[in-house]
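Participant: Handing you this structure, nothing more for now.
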Amino acid sequence: MSTDQTAPPVTPVEAAAAVETAPRRPVRVSTTRDTAETVIFGILRWLTIAFLIVVTAFPFYYMLLLSVRPIDKVLQNPARLWVSAEEFTVETYRTVLRSVEDGGQGFLSLLFNTGLVALATVAVTLLVAIPGSYAVSRLRFTGRRQVHFLFLAVYLFPSILLAIPMFVLFTRIGLRGSLAGLTIVYVAQTVPVSIYMLRNYLSTIPESIEEAAAIDGCSRLDIVRRVVIPLAAPAIMANALYIFMIAWNEFLFALLFLVEERDKWTVSLGLAQLSGGIEVSKTVLMAGSVVLTIPVVLLFFAAERLLVEGLTAGADKG
Amino acid sequence: MPTLKQREARAGYAFLSPTLVVVLVVVVVPILWTIMLAFQEIRLANIRDAGIFSAYSLANFGTVFQSTGFWQSLITTVAYSIGATALSVGIGLAAALALRRKFPMRTGVRAAMLLPYVAPVVAVTFAWEVMLSPQYGIANRWGQSLLGWDRPVAFLSQRELTWSVFGFDIPVPVALLTVIAFEGWRYFPFAFLFLLARLQAVPADLEEASYVDGATISQRFRWIILPQLMPVIALLAVLRFIMTFNKFDDVYLLTGGGAGTEVVSVRVYQFLTARFDIGAAAAQALVLAGVLVVFLAVYMKFFAPRLDGDNEH
């Protein structure tokens, strides 16, 4: 095992004795290399942590900072990292939220559109995915294993590949340019991942609880409604948040379907469309970015533990 | 009276049917339809006449393969995917190792580290765009005042920059590297989450034993930790590669596909919306999917430890 030639030989007996006397930190003789590595990696570890904090947080800090500075001050001094009291302004937020008729950018109604689509997506996806994941995790039927494969295959195909026929189809049946059409696409995009996440959780619920309910005379549907859903509530919550995030952040399909109808835009689409031009000042758009980011980040921090566990369930099995 | 087994199977199909309908209607049929469209000569103007029985031809593939920049964009896509995958998994691994042991505020730091992954892509690309702008971007200001750059670097719109070092002129694909860096930044949290979860499940006894035997930190990492992380790293690499390969938003929003960053999915979009050439767009999307399948097949054949979503058997 050890390639370190200077390491003193430690017999199993000595090691065992050491473990017995000090179970947390066994006694051993450090070598020069060992000491050096401990110091170097100890420093490196803190450097890495500091670097990562700066790198991840800085763009968000900068976004927030620019959104409360007037544009002429930003252009004069773009490298400044704080906002002075006389500079501070919330006019950017007023402009971005005000309706287009009042000379603003109408983001308030865009926020409403986005929220509507995201909530509808969550509701429909859960309605479809809860029974679906229950079937996949619990019920034995021919073709159950093939279903997994189908879901995996969905991920292999680029969403742009789905976009083309959906574009054609929705143009034909008149759903292009409607929020309902967008919701349908989002549901299809989120159902597979939703089933995957829920299935992992459902398979941890002991079957005997369900059997007890069945003996008490519950039908399958009753079992799902009265036993499985309450028991899986944390996983379902995490899943709902995850779907909400995907729908809230989505851009490609919103771009393809809604670009021609400004009153139906989602916030992401509005921001992307306006940031390409030069008419709207960058600080106003930064305020728009903040408005777009805050709901998702708040939700995320509120439910971080739930989400992280839901997403990585099974990862620790290797 | 049906048997219990039959009843169970029947319930299974009933519960699964909404899912199957959704996936069939909005995923499987569109995919099949794309395959069909790829072999038909359809533009947005004559979309209403198109049907299952329209004439089929290989003309679209001819158009695609001969169009200027197609092969270049395929190469760009591969370079972009490999670069972004390596970077995001690499940073994710470093982050997971650094945050493995407890320290004050670790929970807060861990949460902050996930920000790039959860924030809306449009908002973060916009923030990057402003930060990297040659006119008013903070990166260029600092580069000029602190690092002594002669003139601002147009990170997102400059195809190539010549970097002179030791008398050699090395061409650097600026915009492509910037886009790769963005991907690494945005997706390292994904790798970080999975690796951290796996790291915390590594049993302590092996590590303690090797510690007692005098193994140094790097040796413990190389011989104890890394082998246990390898399956997760492999899975992450495959997942990230697939997702980056198909990625549209990030490149489209950052550069619009200009300055040597035109990946195939952005090209498909441009065929669709600028030229209204649905047939050629579909053919191109199909080529993209085909190349991905080839890559995955090669991976499964030669490198795969085990890849399926099934961990209950």
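The values are calculated or read from the model by the stated rules, or taken from the named source; none is laboratory data. These numbers were taken from a predicted model, which means no experiment stands behind them. Neighbour counts are summed over all protein chains in view; Cβ atoms, including those assigned to glycine, are modelled from backbone coordinates with ideal geometry.
Participant: Among the residues of segment B:234-246, are any within 29 Å of A:Phe41 (Cβ to Cβ), over 26 Å from the mean Cα position of the chain (by Cα) and more than 10 Å from chain A (Cβ to nearest Cβ)?
Facilitator: Taking every residue of segment B:234-246 in turn, none turns out to be within 29 Å of A:Phe41 (Cβ to Cβ), over 26 Å from the mean Cα position of the chain (by Cα) and more than 10 Å from chain A (Cβ to nearest Cβ).
Participant: Here is a further query. Determine the pairs where a residue that is assigned by TED's automatic domain parsing to the domain that holds A:Pro131 and on the phi < 0 side of the Ramachandran plot, located within segment A:219-241, has a partner that is surrounded by fewer than 21 Cβ atoms within 10 Å (Cβ to Cβ) and of a type in the set (Gly, Ala, Ser) with Cβ atoms under 6 Å apart, the partner being 6 or more residues away or on another chain.
Facilitator: A:Ile223/A:Ala213; A:Val227/A:Ala213; A:Leu241/A:Ala303
Participant: Among the residues of segment B:195-219 satisfying the criterion of being part of a helix (DSSP H, G or I) and among the β-branched types (Val, Ile, Thr), which is farthest from B:Ala84 (Cα to Cα)?
Facilitator: That would be B:Val212.
Participant: Here is a check on your reading of the model: is B:Leu37 modelled with pLDDT of 80 or more and closer than 30 Å to A:Glu211 by Cα?
Facilitator: Values: modelled with pLDDT of 80 or more: yes; closer than 30 Å to A:Glu211 by Cα: no.
Against the criterion (modelled with pLDDT of 80 or more and closer than 30 Å to A:Glu211 by Cα), B:Leu37 does not qualify.
Residues are listed down the side, and each one gets a yes or a no for (1) among the small types (Gly, Ala, Ser); (2) at pLDDT 85 or above; (3) closer than 30 Å to A:Leu285 by Cα:
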| site | (1), (2), (3) |
| --- | --- |
| A:Thr89 | no, no, yes |
| A:Ser99 | yes, no, yes |
| A:Ser109 | yes, yes, yes |
| A:Ser133 | yes, yes, no |
| A:Gly143 | yes, no, no |
| A:Leu175 | no, no, yes |
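Participant: Which numbered condition trips up A:Pro78, out of (1) of a type outside the set (A, V, I, L, M, F, W, C); (2) touching a residue at least 12 places away in the same chain (Cβ under 8 Å); (3) closer than 27 Å to B:Arg186 by Cβ?
Facilitator: A:Pro78 satisfies every listed condition except (2).
Participant: Looking at segment B:108-120, is at least one residue closer than 30 Å to A:Ile43 by Cβ, more than 9 Å from chain A (Cβ to nearest Cβ), touching a residue at least 60 places away in the same chain (Cβ under 8 Å) and touching a Phe, Trp or Tyr at 6+ places or on another chain (Cβ under 9 Å)?
Facilitator: Scanning segment B:108-120 turns up at least one residue that is closer than 30 Å to A:Ile43 by Cβ, more than 9 Å from chain A (Cβ to nearest Cβ), touching a residue at least 60 places away in the same chain (Cβ under 8 Å) and touching a Phe, Trp or Tyr at 6+ places or on another chain (Cβ under 9 Å).
Participant: Inspect segment A:182-189 for any residue being surrounded by fewer than 18 Cβ atoms within 10 Å (Cβ to Cβ) and either under 19 Å from B:Phe15 (Cα atoms) or in the same structural domain as A:Leu255 (by TED's automatic domain parsing) (or both) and give the result as yes or no.
Facilitator: No, segment A:182-189 contains no residue that is surrounded by fewer than 18 Cβ atoms within 10 Å (Cβ to Cβ) and either under 19 Å from B:Phe15 (Cα atoms) or in the same structural domain as A:Leu255 (by TED's automatic domain parsing) (or both).
Quick grid of which residues meet (1) exposed (fewer than 14 other Cβ atoms within 10 Å of the Cβ); (2) in contact with an Asp or Glu (Cβ under 6 Å, 6 or more places away or on another chain); (3) acidic (Asp, Glu); (4) not assigned by TED's automatic domain parsing to the domain that holds A:Pro295:
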position	(1), (2), (3), (4)
A:Ile53	no, no, no, yes
A:Thr56	no, no, no, yes
A:Phe60	no, no, no, yes
A:Ala79	no, no, no, yes
A:Ser84	yes, no, no, yes
A:Phe88	yes, no, no, yes
A:Val117	no, no, no, no
A:Ala129	no, no, no, no
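Participant: Out of all the residues in segment B:217-247, which are over 22 Å from B:Met300 (Cβ atoms) and out of contact with any helix residue (DSSP H, G or I) (no Cβ under 8 Å at 6 or more places or on another chain)?
Facilitator: Within segment B:217-247, B:Arg222, B:Leu226 qualify.
Participant: I need a count of the residues in segment A:248-263 that are outside any loop (DSSP other than H, G, I, E, B) and under 24 Å from the mean Cα position of the chain (by Cα). Reasoning before the result, please.
Facilitator: Pass one, segment A:248-263, residues outside any loop (DSSP other than H, G, I, E, B): A:248-249, A:252-258, A:262-263.
Going one step further and asking which of them are under 24 Å from the mean Cα position of the chain (by Cα), we end up with A:248-249, A:252-258.
Going through segment A:248-263 one residue at a time, the tally reaches 9.
Participant: Moving on to the next point. So which helices (runs of 4 or more DSSP H) stay within segment B:86-194 end to end and still have 3 or more residues that are farther than 21 Å from B:Asp249 by Cβ? Break it down stepwise before answering.
Facilitator: On the way: elements: B:106-113, B:115-118, B:121-132, B:138-146.
In segment B:86-194, B:106-113, B:138-146 are the helices (runs of 4 or more DSSP H) which contain 3 or more residues that are farther than 21 Å from B:Asp249 by Cβ.
Participant: Within segment A:84-175, considering only helices (runs of 4 or more DSSP H) that don't extend past its boundaries, which have at least 3 residues that are more than 13 Å from chain B (Cβ to nearest Cβ) and over 22 Å from the mean Cα position of the chain (by Cα)?
Facilitator: Counting at least 3 such residues, we get A:91-97.
Participant: Which members of segment A:246-269 meet the condition of being buried (at least 21 other Cβ atoms within 10 Å of the Cβ), within 11 Å of chain B (Cβ to nearest Cβ) and not small (Gly, Ala, Ser)?
Facilitator: A:Trp248, A:Asn249, A:Glu250, A:Phe251, A:Leu252, A:Phe253, A:Leu255, A:Leu256, A:Thr266, A:Val267, A:Leu269, listed by residue number.
Participant: Out of B:Glu207, B:Glu160, which single residue is touching a helix residue (DSSP H, G or I) at 6+ places or on another chain (Cβ under 7 Å), among the acidic types (Asp, Glu) and under 22 Å from B:Trp128 (Cβ atoms)?
Facilitator: Going through B:Glu207, B:Glu160 in turn, just one is touching a helix residue (DSSP H, G or I) at 6+ places or on another chain (Cβ under 7 Å), among the acidic types (Asp, Glu) and under 22 Å from B:Trp128 (Cβ atoms): B:Glu160.
Participant: Looking only at segment A:270-287, which residues are in contact (Cβ under 8 Å) with a residue 60 or more places away in the chain and more than 8 Å from chain B (Cβ to nearest Cβ)?
Facilitator: Scanning segment A:270-287 gives A:Gly270, A:Leu274, A:Val280, A:Ser281, A:Thr283, A:Val284, A:Ala287.
Participant: Considering each residue of segment B:56-77, count those that are assigned to a helix (DSSP H, G or I) and away from every other protein chain (no Cβ under 14 Å), and give that number.
Facilitator: Looking only at that region, the number is 11.
Participant: Can you pull out every residue in segment B:177-224 that is among the small types (Gly, Ala, Ser), at the interface with chain A (Cβ under 8 Å from one of its Cβ atoms) and buried (at least 20 other Cβ atoms within 10 Å of the Cβ)?
Facilitator: Listed by number, the residues that qualify are B:Ala197, B:Gly214, B:Ala215.
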